[in-house]
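Student: Sharing a structure with you now.
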Amino acid sequence: MSGVVRIAGQGLAGTLLAWALERRGRTFELYDPGHKTSASRVGAGLVNPVTGERWALAPGWAERATAAKSFYREIEAAWGVALVTDLRVRRAWRDEAEGRWVRAKVGRGELAPWVTPAGLERDAAWIEGAWRVDLPALLAAGRRRWRGQGCLREAALRSDETEWAVTGSARELGPVIWCTGAAETRVPDLRAVGGETLELVVGGAAGELPPGVVRHDGVWVLPVGGGRAWVGASFIRDESERLARREELRARARRQLADRDWCELAVLAGYRMTTADRLPAAGWLPGREGREGILNGLGSKGVLWGPGLAEDWADRLGVNSVNQMDHGLHR
Ligand SMILES: Cc1cc2nc3c(=O)[nH]c(=O)nc-3n(C[C@H](O)[C@H](O)[C@H](O)COP(=O)(O)OP(=O)(O)OC[C@H]3O[C@@H](n4cnc5c(N)ncnc54)[C@H](O)[C@@H]3O)c2cc1C
């Protein structure tokens with residue numbers, strides 16, 4: 001497939017796709033007016049093998065975690081920027097009943113090797129093998145890189161600018177891949193779920209939180225460096241519950257950080273894009289095969305899912321004929 005690929009949106013999805021194309025020597029242009037509305041500006045970037053109320057193995061972990069981490073490590077090496085931090089998560093149970101249930105699960109080896117009997121405490125279990133990508137650092141480094149290479153356009157791409165040949169243009173334009181997060185309106189079952197994180201300064205006599213350790217009691221406290229920590233993240237399914245969810249985060253912060261002095265710096269807010277089956281939306285828009293595609297719907301697992309999807313897209317964009325590619329949106 002020929003022509004300059006245009007990527008609309010330089011959040012996590014657009015950044016990973018641009019890098020996957022750059023590695024293949026494929027020409028692209030990246031559009032983003034700034035990151036005012038990006039989920040990736042506020043996303044905590046956590047990848048945790050054991051998640052959810054049911055302490056289950058994260059969907060996609062087994063197939064994707066190793067390759068995804070290598071992808072970010074490769075970016076670190078190529079761009080000279082630190083992005084990935086290995087983490088241990090100390091997750092407390094809500095009550096004794098949950099504790100008994102988790103202990104039984106661990107006893108049966110269901111969470112091995114991430115939680116083992118050696119990692120059980122009176123009121124919590126240690127989850128090993130988690131990691132985090134510093135998403136704001138990834139976005140900023142990508143922006144510097146592609147600004148320097150002259151392929152970043154610091155503006156929105158308009159939907160009427162998507163034809164292959166723009167009159168008067170000397171360059172041949174290829175397909176547009178829309179990585180526009182919450183701005184995407186054409187995928188019927190894609191919906192935005194609000195989320196907030198509190199940014200805190202933590203210090204005082206007890207000192208900063210140890211780096212590399214996440215406290216978790218259903219809500220996590222994540223040290224992010226520079227004496228700061230993020231607490232979150234809430235799920236806001238209806239705007240009317242926004243303030244109540246924020247107060248819940250504050251209550252959790254008070255409980256989890258009872259041993260520390262801290263104050264609130266900011267509330268970081270964004271939207272996770274999710275689909276009914278919680279799978280990402282990746283593929284050509286129906287009727288626009290070979291011209292307009294989508295990479296979206298990364299939900300709350302964007303860091304885990306993003307690299308593989310970006311690689312798939314880059315492979316498809318490298319071939320010469322639309323016939324060789326999937327048709328229609330993969331949903
Ligand atoms: C509070 C919160 C906590 C989260 N925590 C985690 C976590 O711990 N782990 C995890 O894996 N995921 C987490 N997520 C989810 C993760 O942040 C998202 O999956 C991911 O950031 C989505 O990236 P994206 O590129 O699809 O969208 P976005 O980051 O929203 O990027 C879309 C971009 O498109 C640009 N844009 C829009 N319209 C146009 C246009 N017309 N032309 C050009 N550009 C345009 C916008 O400026 C924006 O920069 C969290 C999300 C939230 C909100």
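The values are calculated or read from the model by the stated rules, or taken from the named source; none is laboratory data. If you're wondering where the values come from, they're calculated on a predicted model, not measured in any experiment. Cβ coordinates were reconstructed from backbone atoms using ideal geometry, including for glycine residues, and neighbour counts include every protein chain displayed. Note: areas computed on protein heavy atoms with side chains; ligands, DNA, RNA excluded. Shrake-Rupley method; radii C 1.70, N 1.55, O 1.52, S 1.80 Å.
Student: For a test of the definition: using alpha carbon positions, the gyration tensor, and the 1.5 limit on a/c, classify the stretch 46-133 as rounded, prolate or oblate.
Tutor: Numbers: a/c = 2.94, a/b = 2.29, b/c = 1.28.
Verdict is prolate for the stretch 46-133.
Student: What is the Å³ per residue value for the convex hull set by the Cα atoms of the stretch 191-273? Each step should come with its number before you reach the end.
Tutor: On the way: hull volume 7.3 nm³, N = 83.
Spelled out: Cα convex hull of the stretch 191-273, divided by residues, is 88 Å³.
Student: Moving to a separate point now. So if we plug the beta-carbon distance of Asp217 and Ala77 into 1/(1 + (r/R0)^6) with R0 = 45 Å, what FRET efficiency do we get, rounded to 0.05? The partial results should precede the final answer.
Tutor: Values: r = 36 Å, r/R0 = 0.79.
According to the calculation, E is roughly 0.80.
Student: Summing +1 for each Lys or Arg and -1 for each Asp or Glu, what net charge is found among the other residues whose Cβ lies under 15 Å from the Cβ of Arg108? Each step should come with its number before you reach the end.
Tutor: On the way: positive: Arg54, Arg100, Arg103, Lys105; negative: Glu110.
After counting each charged neighbour, the total is +3.
Student: Quick one: if you stick a label point 7 Å off each Cα along the C-beta vector at Glu264 and Glu161, how many nm between them?
Tutor: 3.9 nm
Student: Rounded to the nearest Å, what's the spacing between the alpha carbon centres of the stretch 9-34 and the stretch 97-156? Just the number, please.
Tutor: 24 Å
Student: With every protein chain present, what is the per residue accessible area of the stretch 91-167 (1.4 Å probe, Å²)? Let's see the in-between values first.
Tutor: Details: 4130 Å² over 77 residues.
So the stretch 91-167 comes to 54 Å² accessible per residue, rounded to a whole number.
Student: Could you work out the mean projected area of the convex hull around the alpha carbons of the chain, in square nanometres to one decimal?
Tutor: 18.2 nm²
Student: Could you work out how far helix 302-317 tilts from the main Cα principal axis of the chain, as a 0 to 90 degree angle to the nearest 10?
Tutor: 20 degrees
Student: Could you do me a favour and compute the accessible area per residue for the stretch 191-273, 1.4 Å probe, result in Å²?
Tutor: Numbers: 3920 Å² over 83 residues.
On a per-residue basis, the stretch 191-273 sits at 47 Å².
Student: Continuing with this model, one more query. Mind giving me the FRET efficiency for Arg122 and Ala251? R0 is 30 Å, r the Cβ-Cβ distance, nearest 0.05 is fine.
Tutor: Details: r = 23 Å, r/R0 = 0.76.
In this case the efficiency is close to 0.85.
Student: Let me ask something additional. With axes computed from alpha carbons, what is the tilt in degrees of helix 12-23 against the longest principal axis of the chain, rounded to the nearest 10 within 0 to 90?
Tutor: For helix 12-23, the angle is close to 60 degrees.
Student: With a 1.4 Å probe and every protein chain kept in, tell me what percent of the accessible surface of the chain is carbon plus sulfur.
Tutor: Details: 7810 of 15170 Å².
Of all accessible area on the chain, carbon and sulfur atoms account for 51 percent.
Student: Can you tell me which of 230-241, 86-97 comes out highest on packing, and rank the rest after it, using the mean Cβ neighbours within 10 Å?
Tutor: Details: 230-241: 17.2, 86-97: 15.3.
Top to bottom by mean Cβ count within 10 Å: 230-241, 86-97.
Student: Also, quick follow-up: How big is D, in µm² s⁻¹, for the stretch 236-327 by Stokes-Einstein at 4 °C and 1.567 mPa s if Rh is the Kirkwood radius over C-alpha pairs? Please list the in-between numbers first.
Tutor: Working: Rh = 16.8 Å.
For the chosen part, D equals 77 µm²/s.
Student: Follow-up question, since we're still on this one. Give me the number: length gained by fully extending Ala97 to Arg278, i.e. 0.36 nm times residue separation minus the C-alpha to C-alpha distance, one decimal in nm. Mind showing how you got there, number by number?
Tutor: Values: separation 181, 0.36 × 181 = 65.16 nm, distance 2.89 nm.
Gain in length upon complete extension: 62.3 nm.
Student: Give the shape of the stretch 136-244 as rounded, prolate or oblate, defined through the alpha-carbon gyration tensor: a ≥ b ≥ c are the square roots of its eigenvalues, a/c under 1.5 means rounded, and otherwise the shape is prolate if a/b is larger than b/c and oblate if not.
Tutor: Values: a/c = 4.03, a/b = 1.78, b/c = 2.26.
Oblate shape, in that a/c is at least 1.5 and b/c is the bigger or equal ratio.
Student: The stretch 173-331: D in µm²/s via Stokes-Einstein (Kirkwood Rh, Cα pairs, 25 °C, 0.890 mPa s)? Please list the in-between numbers first.
Tutor: Values: Rh = 18.0 Å.
Diffusion coefficient, whole number: 136 µm²/s.
Student: Calculate, in nm to one decimal, what Ala67 and Leu243 gain on full extension: separation in residues at 0.36 nm each, minus their alpha carbon distance.
Tutor: On the way: separation 176, 0.36 × 176 = 63.36 nm, distance 3.81 nm.
Result: 59.5 nm gained on full extension.
Student: Only helical DSSP H runs with n ≥ 4 go in: add -39500 (n - 2.57) per run for the chain, normalise by residue count and round the 222 nm mean residue ellipticity to 500 deg cm²/dmol. Kindly include the intermediate steps, with their values, before the conclusion.
Tutor: Numbers: 6 runs with 88 residues, N = 331.
Here the helix-only value at 222 nm equals -8500 deg cm²/dmol.
Student: Taking the Cα centre of the chain as origin, sum charge times position over the Cβ atoms of Lys and Arg (+1) and Asp and Glu (-1), and report the length of that vector in debye to the nearest 20. The partial results should precede the final answer.
Tutor: Numbers: 47 positive and 42 negative charges, 64 e Å.
With Lys and Arg at +1 and Asp and Glu at -1, about 300 debye.
Student: Which number comes out as Rg/Rh for the stretch 71-204 once both Rg and the Kirkwood Rh are worked out on C-alpha atoms? Please report the intermediate quantities before stating the final value.
Tutor: Details: Rg = 23.1 Å, Rh = 20.3 Å.
Taking Rg over the Kirkwood Rh, I get 1.14.
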